[in-house]
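The values are calculated or read from the model by the stated rules, or taken from the named source; none is laboratory data. Computed from a prediction, not measured in an experiment: that's the story for all the values here. Note that we place each Cβ from the backbone using ideal geometry, even for glycine, and neighbour counts take in every protein chain shown.
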Amino acid sequence: MKILGIESSCDETAAAVVENGRRILSSEVASQVEIHARYGGVVPEVASRQHLLAIVPVIRQAMTKALTDWKDIDAVAVTNGPGLAGSLLVGVSAAKAVAMARGIRLIAVNHLEAHIYANWLGEAEPVFPLLCLIVSGGHTDLVLMRGHGDYTLLGRTLDDAAGEAFDKASRILGLGYPGGPAIDRAALSGEPVINLPRALLPGTHNFSFSGVKTAVYRMVEEGKIDNVNDAAASFRQAVVSVLVDKTIDAAVECGARQILLSGGVAANRLLREQLRQQSPVPVLIPEPSLCTDNAAMTAACGYFHAIAGRFSCPDMDVIPGLRLF
Ligand code: KG4
Ligand code: ZN
């Protein structure tokens, strides 16, 4: 089964063709990062206009690179939430148009669930029960997954998401946008010598990252930061150590057979390294390009909906606040 995936929930316009939920035939991403970098963050109105310009060329390119004819596409899977309303609308409208014009089925996909399914695109097949850590710009969730579509939320951030904390700390340190990659790069030339607070919130699987971000802010205000690379390395170490410790605790407590890491922050080098080193169970992590927003994960997730017979009606709509659990 070949599925065309479409993703436009935030600031990447993406389309991909995936076979049987696991084999990528093409995966195209038109990034708007440079446009939003000028403003230090995503400007929703600008994002939807850019999606409008990019969506048709990106879909065409994904089809061309997949060397696939339209008659061989079985369904179109599209992110319908959570995300920015105007951005989501562009992808969903394009998917509906494709479905109608080509007479193929439509599948609505939750963006968070798609992030999890990026792990089906690797070589090793995930084995249930799984402990999933979703770490993106908007979410930091620990989820027990007992089977396809079977999720139990164990914990989430009580304030900033991990990616949001990276973005804010980067801005405070003057390292630019997007913050995660900027801090990851700066940390390469620094040492984690500054002791920053780590909120472990014992007895819960919840997270909190506002304290560590505020600590960095205070140090900058008080002129206590001599070396910005050391500050980046210290911030990264503080956030990663909490993510790693709490994820491993939850996996052990639930008897998970594997840990799945996903979302944009899963591209972080230190997080990938330390989770792999310290986990007592195997850790699956998508390729960095499949951690940040892409449409291959949307198509992979759509495949598992399709084989379960979960298709959408033509009146399917965007749901900016869509929840998975
Ligand atoms: O999943 P994603 O691409 O979009 C959302 O669904 O939010 O995640 C974007 C987030 C941003 O906050 C970005 O700073 C963060 O992922 N990110 C990283 C890295 N690459 C992207 N955070 C830490 N280290 C990275 N290398
Ligand atoms: Zn995302």
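Residue pairs whose Cβ atoms lie under 6 Å apart, sitting 6 or more positions apart in sequence or on different chains, and linking a residue in the stretch 142-170 that is within 18 Å of L261 (Cβ to Cβ) to a partner that is aromatic (F, W, Y) and in a strand (DSSP E or B), are V143/Y151; M145/Y151; T157/F207. Please state which one of G81, G86 is within 16 Å of ligand 2 (Cβ to nearest atom) and either surrounded by fewer than 22 Cβ atoms within 10 Å (Cβ to Cβ) or not hydroxyl-bearing (S, T, Y) (or both). Of the residues listed, the single one that is within 16 Å of ligand 2 (Cβ to nearest atom) and either surrounded by fewer than 22 Cβ atoms within 10 Å (Cβ to Cβ) or not hydroxyl-bearing (S, T, Y) (or both) is G81. Take S312 and decide whether it is of a type outside the set (A, V, I, L, M, F, W, C), out of contact with any Cys (no Cβ under 9 Å at 6 or more places or on another chain) and away from ligand 2 (no atom under 15 Å from the Cβ). Yes, satisfied. Checking V244, V318, V283 one by one, the residue that is within 13 Å of C132 (Cα to Cα), out of contact with any Lys or Arg (no Cβ under 7 Å at 6 or more places or on another chain) and away from ligand 1 (no atom under 12 Å from the Cβ) is V244 and no other. For the condition buried (at least 22 other Cβ atoms within 10 Å of the Cβ) and modelled with pLDDT of 95 or more, what is the one hit in A94, A101? Only one candidate qualifies: A94. For the stretch 214-237, the set of residues classified as within 14 Å of K168 (Cα to Cα) and either in a loop (DSSP other than H, G, I, E, B) or hydroxyl-bearing (S, T, Y) (or both) consists of T214, Y217, listed by residue number.
For L173, the conditions (1) of a type outside the set (F, W, Y); (2) within 16 Å of ligand 2 (Cβ to nearest atom); (3) crowded, with 19+ Cβ neighbours inside 10 Å are fulfilled apart from (2). For the stretch 124-131, the count of residues that are under 16 Å from the mean Cα position of the chain (by Cα) and either within 16 Å of ligand 1 (Cβ to nearest atom) or part of a loop (DSSP other than H, G, I, E, B) (or both) is zero.
Restricting attention to the stretch 27-45, the residues that are touching a residue at least 12 places away in the same chain (Cβ under 8 Å), crowded, with 16+ Cβ neighbours inside 10 Å, touching a helix residue (DSSP H, G or I) at 6+ places or on another chain (Cβ under 7 Å) and among the β-branched types (V, I, T) add up to 1. When you look at L322, is it in contact with a strand residue (DSSP E or B) (Cβ under 9 Å, 6 or more places away or on another chain) and either within 16 Å of ligand 2 (Cβ to nearest atom) or part of a loop (DSSP other than H, G, I, E, B) (or both), yes or no? When the stated conditions are applied, L322 passes them.
Among the candidates T152, T140, the residue that is away from ligand 1 (no atom under 16 Å from the Cβ), of a type in the set (S, T, Y) and closer than 14 Å to R323 by Cα is uniquely T152.
Looking at the stretch 147-158, can you tell me whether even one residue there is touching an Asp or Glu at 6+ places or on another chain (Cβ under 9 Å), in a loop (DSSP other than H, G, I, E, B) and more than 16 Å from ligand 2 (Cβ to nearest atom)? Yes, some residue in the stretch 147-158 is touching an Asp or Glu at 6+ places or on another chain (Cβ under 9 Å), in a loop (DSSP other than H, G, I, E, B) and more than 16 Å from ligand 2 (Cβ to nearest atom). Per the listing L88, L53, the residue uniquely aliphatic (A, V, I, L, M) and within 20 Å of D317 (Cα to Cα) is L88. Are any residues in the stretch 1-26 hydroxyl-bearing (S, T, Y), within 14 Å of A62 (Cα to Cα) and buried (at least 24 other Cβ atoms within 10 Å of the Cβ), and if so, which ones? The one that is hydroxyl-bearing (S, T, Y), within 14 Å of A62 (Cα to Cα) and buried (at least 24 other Cβ atoms within 10 Å of the Cβ): T13. Would you call P202 more than 16 Å from ligand 2 (Cβ to nearest atom), in contact (Cβ under 8 Å) with a residue 40 or more places away in the chain, more than 19 Å from the chain's Cα centre (by Cα) and surrounded by fewer than 17 Cβ atoms within 10 Å (Cβ to Cβ)? Against the criterion (more than 16 Å from ligand 2 (Cβ to nearest atom), in contact (Cβ under 8 Å) with a residue 40 or more places away in the chain, more than 19 Å from the chain's Cα centre (by Cα) and surrounded by fewer than 17 Cβ atoms within 10 Å (Cβ to Cβ)), P202 does not qualify.
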